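Take a look at the structure below.
The values are calculated or read from the model by the stated rules, or taken from the named source; none is laboratory data. The model shown is predicted, which means the values in this text are computed figures rather than measured ones. Reconstructed Cβ throughout: ideal geometry from the backbone, glycine too, with neighbour counts over all protein chains shown.
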Amino acid sequence: MSGKAVLATLKSGAPPAPLTFLGGRARALAQYLALPAAGLAIWQTASTLGYIAPYALPSPWLILRTGVESVADFSLPRDILVSVGRVVGGFILAALTALALGIVTALSTRFETYTRCLFQVLKPIPPIAWIPIAILWLGIGESSKLFIIFIGAFFPVFINTVSGIRHIDPRYVEVARVLEIPYGKFVKTVVLPGALPVILSGLRIGLNNAWICVVAAEMIAATSGIGYLLMDGRQLAQPDKVILAMLVVGVIGKITDDLVARLETGLVRW
Amino acid sequence: MNGQVAVENLNKRFFSDSGPLEVLSQININISGGEFISLVGHSGCGKSTLLRILAGLETEYEGVARLDGQPILKPSLEKGFVFQDHRLFPWLTVAENIGYGLPKGRDKAARVAELIELVGLTGFEKHRPSQLSGGMAQRAAIARALGTSPKVLLLDEPFGALDAMTRITMQEEILKIWEKEKVTVVLVTHDIDEAVYLSNEVLVIAGRPGQIVSRVEVSLGRPRDRLSSDFNHIKRKIYRYFFTEVEPPFAFSI
């Protein structure tokens, strides 16, 4: 039983009724979409009846039309591609660095002692606060965006890698001692698999942060990307463009999070 | 030398915030190679600590513990250890867990197959620990400990978490393995029946700090009958150290 099913059983005293193939699936999907659909309906109705001023909040229909137009002239797909490319680049860079540093930090007390203070000070600085320095140092090109994404994605991966490895079950350490397992083999076969669930959830938070950071970075200094689309909409007083960009950010963020969650269940099968 | 275990004048104390705590006092043990010995006592009497000292997992104590005359200073492959919780790695299969301590080589797969057969897990090689019952997981843990052919097998309440039925099956299994592998076994248990059924000698540990208050030799033939009067006579001898005896009430019917 999944955790969710267990909770449902606890609450109602009986296990949830098994879902029949079509009926159950369709019902679950309907429940899943009910709230956003109702919101859209109310929003559209209120707009049509003139209760909402279009300059403050354009109707869903208008936003959809803007969306279709910007897909037709390839501007939206291009912006999405640019942002996703930046996220992928910055995230991979951050994840690899954070994994390597995290493993070293967790396994070497000396390295940890020397670096702890620096990381403790750097950690609370929000990625957005790095933007001025990033522009000053790296200009408004690609590298400054990658830098901001790197900062945002690095710490969650780093922190989870360290704590995942540090909290390895000491009982497994005893097993390894009794079996005279060499250190390298122990790290490879026990420490890393044991820490994997925590590391994966760090990667998930890191990716989420990377996505937040790309929008922030593009809003301040960029000529392309979703964040730029958003700022462009503001400057041209086109709220439909602004809201379209926000919705795109939300939907893509949800999709990537789902993908990583699927990767998690695929990798952690015990 | 063949798995002879000796403990001489051993004292062990733990240090905590509330001061030192004496755990074991004046322990002397001599086990010949190939014997099956049980350590019986209440929980907290120090019997598991004694076993961990024999394994080399605890090294801060007074006195000497030896295996075949050599002082025990750290864990090694000569000392197989089975924990109360099976401690199999959840991300490895049964076969990978059992072969975990074995050196890489051509005969590794054959050795793993042999061990799986020995503990009766044939057909479960590819299963993960989460798919096994408690008894099966403990069998795999025993196979893992036996893999490197230790001179002494140290069992720390290995069947404590199993139900009564499975426990009896596992006791039969461990006897079979002991007879086949001719290894010295030291078993820690709080189950007096288990101790008398399995061992050549039962060491009764009691008091605080724990001391060996009695050494009860079990000179019964094998297989043993748990319901025989001889068996129960020995059990009663050990019971006396832990529980006050109950006089059966005088009653008769017409």
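Can you tell me which residue within segment B:77-116, out of those that are touching a residue at least 12 places away in the same chain (Cβ under 8 Å) and of a type in the set (D, E, K, R), is nearest to the other protein chains (Cβ to nearest Cβ)?
Ranking the candidates gives B:ARG87 first.
For segment B:168-176, does any single residue satisfy the condition of being among the aliphatic types (A, V, I, L, M), touching a Gly at 6+ places or on another chain (Cβ under 7 Å) and more than 22 Å from B:ILE29 (Cβ to Cβ)?
Yes, because at least one residue in segment B:168-176 is among the aliphatic types (A, V, I, L, M), touching a Gly at 6+ places or on another chain (Cβ under 7 Å) and more than 22 Å from B:ILE29 (Cβ to Cβ).
So, of the residues in segment A:156-172 that are of a type outside the set (A, V, I, L, M) and within 14 Å of chain B (Cβ to nearest Cβ), which turns out to be nearest to A:LEU118 (Cα to Cα)?
A:GLY164
Could you please give the count of residues in segment A:173-194 that are at the interface with chain B (Cβ under 8 Å from one of its Cβ atoms) and crowded, with 17+ Cβ neighbours inside 10 Å?
Looking only at that region, the number is 10.
Of everything in segment B:228-254 that's aromatic (Phe, Trp, Tyr) and in a helix (DSSP H, G or I), which residue is modelled with the highest pLDDT?
Once the filter is applied, the top-ranked residue is B:PHE231.
From the residues in segment B:25-58 that are touching a Gly at 6+ places or on another chain (Cβ under 7 Å), of a type in the set (Gly, Ala, Ser) and buried (at least 19 other Cβ atoms within 10 Å of the Cβ), which one is farthest from A:GLU180 (Cα to Cα)?
B:GLY41
Tell me the residue from B:SER43, B:SER25 that is away from chain A (no Cβ under 14 Å), within 21 Å of the chain's Cα centre (by Cα), in a strand (DSSP E or B) and not β-branched (Val, Ile, Thr), please.
When all the criteria are applied, what remains is B:SER25.
I'd like to know if segment A:104-112 contains one or more residues that are within 28 Å of A:ALA217 (Cβ to Cβ) and in the same structural domain as A:TYR183 (by TED's automatic domain parsing).
yes
Tell me which of these B:LYS74 doesn't satisfy, since it passes every other one: (1) out of contact with any Pro (no Cβ under 6 Å at 6 or more places or on another chain); (2) within 30 Å of B:TYR239 (Cα to Cα); (3) among the basic types (Lys, Arg).
(2)
Looking at segment B:54-65, can you tell me whether even one residue there is part of a helix (DSSP H, G or I), within 9 Å of another protein chain (Cβ to nearest Cβ) and under 30 Å from B:LYS235 (Cβ atoms)?
For segment B:54-65, residues part of a helix (DSSP H, G or I), within 9 Å of another protein chain (Cβ to nearest Cβ) and under 30 Å from B:LYS235 (Cβ atoms): present.
Of the conditions (1) out of contact with any Phe, Trp or Tyr (no Cβ under 8 Å at 6 or more places or on another chain); (2) of a type in the set (Asp, Glu); (3) assigned to a loop (DSSP other than H, G, I, E, B), B:ASP225 clears all except one; give me its number.
The failed condition is (1).
When you check B:ALA164 against the structure, is it surrounded by fewer than 23 Cβ atoms within 10 Å (Cβ to Cβ), more than 14 Å from every other protein chain (Cβ to nearest Cβ) and at pLDDT 90 or above, yes or no?
No, not satisfied.
For every residue, the table says whether it meets (1) under 22 Å from B:LYS79 (Cα atoms); (2) free of Cβ contacts under 8 Å to residues at least 24 places away in the same chain; (3) not β-branched (Val, Ile, Thr).
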residue	(1), (2), (3)
B:VAL119	yes, no, no
B:HIS127	no, no, yes
B:LEU132	no, no, yes
B:ALA141	yes, no, yes
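Of everything in segment A:195-207 that's more than 17 Å from A:ILE92 (Cβ to Cβ) and within 14 Å of chain B (Cβ to nearest Cβ), which residue is surrounded by the most Cβ atoms within 10 Å (Cβ to Cβ)?
Only one residue tops the list, namely A:ALA195.
Scan segment B:57-86 for residues that are closer than 21 Å to A:ARG171 by Cβ and among the hydrophobic types (A, V, I, L, M, F, W, C) and jot them down.
The answer is B:LEU57, B:ILE72, B:LEU77, B:PHE81, B:VAL82, B:PHE83.
If the requirement is being more than 14 Å from every other protein chain (Cβ to nearest Cβ) and surrounded by fewer than 18 Cβ atoms within 10 Å (Cβ to Cβ), which of these qualifies: A:ALA261, A:ALA210?
Being more than 14 Å from every other protein chain (Cβ to nearest Cβ) and surrounded by fewer than 18 Cβ atoms within 10 Å (Cβ to Cβ) holds for just one of A:ALA261, A:ALA210, which is A:ALA261.
Need the failing condition index for B:LEU73 against (1) away from every other protein chain (no Cβ under 14 Å); (2) surrounded by fewer than 16 Cβ atoms within 10 Å (Cβ to Cβ), just the number.
Evaluating B:LEU73 over (1) away from every other protein chain (no Cβ under 14 Å); (2) surrounded by fewer than 16 Cβ atoms within 10 Å (Cβ to Cβ) leaves (1) as the failure.
Working only within segment B:49-105, note down all residues that are within 23 Å of B:GLY123 (Cα to Cα), in contact with a strand residue (DSSP E or B) (Cβ under 7 Å, 6 or more places away or on another chain) and of a type in the set (S, T, N, Q).
none
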